[in-house]
Amino acid sequence: MKSVYEYLQEDKVKWRDLPYISVKTDGRFAARTFGEVIADAEALARGLILEGVRGNVMLYSPNSYYWAVADLAVLGYVGTIVPINSEWTAFDIERTLSVIEVGAILYSADKQKEIDELQTKCPELHFVCIDSEFPRLIQKGQQSTLELVGNTDMHIPIMILFTSGTTNRPKAIPLTMYNLLYNWDALYSRTPMSVEDVSYIFLPFSHVYAGVANFLYTLISGMQVYLCSDKTKIAEEMIEVRPTIVCTVPLILMRIRAAMTDELMDCLRNVRFLYCGGSFTDPETKRYFIDSGVRLLEAYGTTETSSVITIDRPDDSIITSNGTILDGLDVRVFEPDENGIGEIIVGGGSVFGGYISRGENYGEVDSEGFYHTGDLGYIDDERRLFLKGRKRRMMISANGENVYLDELEALIMENEQIKSAAVFEEDHHLSARIYTDIPEREALEFIEKINGNLPKFKKIKRVYVKSEANGGRLK
């Protein structure tokens with residue numbers, strides 16, 4: 001196993017002139033080669049270091065070429081990358097800053113409103129707009145003779161990701177280089193990828209699923225990457241790009257099915273491996289694609305395990321499972337009941353060492369190094385995993401986000417005039433039923449106030465206000 005730095009040094013020689021990252025500009029995809037991308041990453045690393053950016057570096061932006069370059073620059077040379085969801089509010093970021101120390105926030109121009117709010121509260125942080133400042137920093141790095149020192153320690157945190165805490169502080173998940181790259185050999189043996197492959201990416205890089213399995217692993221495989229320019233044009237751009245490797249989530253898969261044409265189906269049959277993870281794939285949807293000749297592979301993983309735990313074996317006839325356990329991982333059923341169902345726990349090199357708070361480790365990895373996922377299920381004789389629910393009330397949204405329902409309920413119950421609250425999933429969105437004697441308008445305004453501090457995937461879309469007076473209404 002090599003470090004990201006070592007892969008960068010290797011790739012800029014052996015794949016120097018091969019196309020790597022393609023971005024749409026003026027209606028056309030234009031490719032930058034491995035040599036160009038790595039040169040930009042190294043120049044950016046120099047520019048950041050010269051301006052005092054080291055240590056934990058937060059990246060707050062939707063997917064872009066500059067996002068990818070910043071990721072490689074920090075992982076390879078600068079310090080530890082802290083990618084966060086681009087839908088987070090300033091409120092969410094403040095909570096993360098109470099958990100770990102961050103020296104700089106690299107942000108896209110569309111997040112300026114949130115950054116302005118943060119700058120008044122955190123003046124000590126270094127704020128860098130990637131759209132306006134990266135060209136200057138890259139040029140500064142190109143002109144510098146600063147000798148870069150690569151990050152080569154495989155066992156210190158190189159990436160910190162977060163759970164999405166609402167009422168409590170979010171949990172920081174530190175992942176080492178060893179964690180991040182551990183699953184590559186097992187994934188490659190099941191679904192081999194190479195320089196002949198083309199990947200089309202529309203999932204957010206800030207998630208371990210896309211950021212590691214869909215992007216970071218391209219440093220090892222050499223595959224070409226196309227970045228989605230507009231999520232409303234996924235089907236159109238897939239037909240244009242004709243990828244061979246695609247990572248998706250059930251929500252996007254359902255939208256692709258709804259937009260199906262003969263041309264799109266022909267494109268999907270060209271995909272060698274269509275991974276679907278983030279949340280459970282409906283078996284009927286799965287059957288539709290497989291029966292249509294699409295190689296759809298369900299995957300299951302968690303951030304704490306550096307993404308993939310299980311993935312379907314290609315051409316497996318059992319479609320009701322949530323994938324087969326990857327080689328090299330020790331996955332067990334903890335305290336199974338009479339039906340063999342218990343909590344799924346995971347051990348192996350991809351498993352993190354425990355959540356951190358201001359540098360101290362804590363929580364949910366036992367004394368033997370197993371991560372307790374909180375998911376319930378059983379494992380058959382062929383190492384297939386069948387998930388059956390959660391120990392804790394958590395909804396996995398259709399785009400793969402974890403939403404803890406009890407945290408949202410606790411947030412609602414901070415209003416002492418609300419007697420009780422229940423948050424639940426309805427039509428793939430969050431709904432709430434609240435019981436209160438305050439006027440309905442005030443109750444709805446209170447929920448809107450809560451929504452104002454929440455990212456899009458946590459917002460409560462429908463509210464049922466119940467009291468003895470109105471008997472309950474849907475809003």
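The values are calculated or read from the model by the stated rules, or taken from the named source; none is laboratory data. Predicted model, so just to flag it, every value in this text is computed and none were measured. Methodologically, a virtual Cβ is constructed for each residue, glycine included, from the backbone with ideal geometry; neighbour enumeration extends over all protein chains shown. Calculation scope for accessible area: heavy atoms of the full protein, side chains included, ligands and nucleic acids excluded. Shrake-Rupley method; radii C 1.70, N 1.55, O 1.52, S 1.80 Å.
Using the membrane-span-like helix rule (whole DSSP H runs, Cα extent along the own axis of at least 18 Å, mean Kyte-Doolittle hydropathy at least 0.0), which helices of the chain qualify?
34-50
Calculate how many DSSP beta bridges within the chain are antiparallel, expressed in % of all such bridges and rounded to the nearest 5.
60 percent
Quick one: which of 127-140, 185-198 comes out on top by average Cβ neighbours within 10 Å, and what's the full order, highest first?
For the peptides 127-140, 185-198, the packing ranking is 127-140, 185-198.
Where both residues lie in region 205-350, what percent of DSSP beta bridges are antiparallel, nearest 5?
Around 60 percent of the beta bridges assigned by DSSP in region 205-350 are antiparallel ones.
Carbon and sulfur: what percent of region 273-392's accessible surface (1.4 Å probe)?
In region 273-392, the share of accessible area belonging to carbon and sulfur is 45 percent.
Mind checking which of Asn151, Thr163, Val249 is farthest towards the positive end of region 149-251's charge dipole, using Cβ charges of +1 (Lys, Arg) and -1 (Asp, Glu) about the Cα centre?
Thr163
Where a Cα-Cα gap under 26 Å defines reach, which lysines qualify for Lys461, not counting those fewer than 8 residues away within the same chain?
Lys111, Lys113, Lys171, Lys231, Lys233, Lys391, Lys419, Lys449, Lys475
Please tell me the relative contact order of region 78-205 in percent, rounded to the nearest whole number, where contacts are Cα pairs under 8 Å and at least six residues apart.
29 percent
State the antiparallel share, in %, of DSSP beta bridges confined to region 138-294, rounding to the nearest 5.
35 percent
If I take every Cα pair under 8 Å that is 6 or more residues apart in region 216-372, average their sequence separation and divide by the length, what percent do I get for the relative contact order?
Across region 216-372, relative contact order equals 13 percent.
Of Ala443, Gly353, Leu18, which is farthest towards the positive pole of the chain's charge dipole, taken about the Cα centre with +1 and -1 on the beta-carbons of Lys, Arg and Asp, Glu respectively?
Among Ala443, Gly353, Leu18, the one farthest towards the positive end of the dipole of the chain is Ala443.
Over region 177-263, with every protein chain in place, what whole percent of the accessible area is carbon and sulfur at 1.4 Å, could you tell me?
Carbon plus sulfur share of accessible area: 50 percent.
Around Glu284, under 11 Å between beta carbons, what's the net of Lys plus Arg minus Asp minus Glu among the other residues?
Once all neighbours under 11 Å are counted, the net charge is +1.
For region 1-96, what are the per-bin percents of Cα-Cα distances with bins 5 Å wide, up to the bin holding the maximum?
Distribution as computed: 3, 13, 19, 21, 19, 14, 8, 3, 1 percent.
Please state the charge dipole magnitude for the chain, taken about the Cα centre, from unit charges on C-beta atoms (+1 on K and R, -1 on D and E), reported in debye and rounded to the nearest 20.
The calculated dipole for the chain is roughly 680 debye.
Determine the distance separating the Cα centre of region 36-70 from the Cα centre of region 288-320; give it in Å without decimals.
What the calculation gives is 33 Å, centre to centre.
Taking the Cα centre of region 75-183 as origin, sum charge times position over the Cβ atoms of Lys and Arg (+1) and Asp and Glu (-1), and report the length of that vector in debye to the nearest 20.
Once rounded to the nearest 20, the dipole reads 140 debye.
Tell me whether region 89-141 comes out rounded, prolate or oblate; compute the Cα gyration tensor, take square roots of the eigenvalues as a ≥ b ≥ c, and use a/c under 1.5 as the rounded threshold.
Prolate, since a/c reaches 1.5 and a/b exceeds b/c.
Given +1 on the Cβ of Lys and Arg, -1 on the Cβ of Asp and Glu, and no further charges, what dipole in debye does region 1-154 carry about its Cα centre, rounded to the nearest 20?
For this selection, approximately 340 debye.
Enter the per residue convex hull volume of region 53-158, computed from alpha-carbon coordinates, in Å³ rounded to the nearest integer.
104 Å³
Given the -39500 (n - 2.57) contribution per DSSP H run of 4+ residues, what per-residue ellipticity at 222 nm results for the chain, rounded to the nearest 500 deg cm²/dmol?
-8500 deg cm²/dmol
From Cα pairs below 8 angstrom and at least 6 apart in sequence, can you work out the relative contact order of the chain, rounded to a whole percent?
Here the relative contact order equals 12 percent.
Answer rounded, prolate or oblate for region 65-118, using the Cα gyration tensor with square roots of eigenvalues a ≥ b ≥ c: rounded when a/c is under 1.5, else prolate when a/b is larger than b/c, else oblate.
Judged from the Cα gyration tensor, region 65-118 comes out oblate (a/c at least 1.5, b/c at or above a/b).
Calculate, for the chain, the solvent-accessible area per residue in square angstrom, rolling a 1.4 angstrom probe over the heavy atoms of the protein chains.
42 Å²
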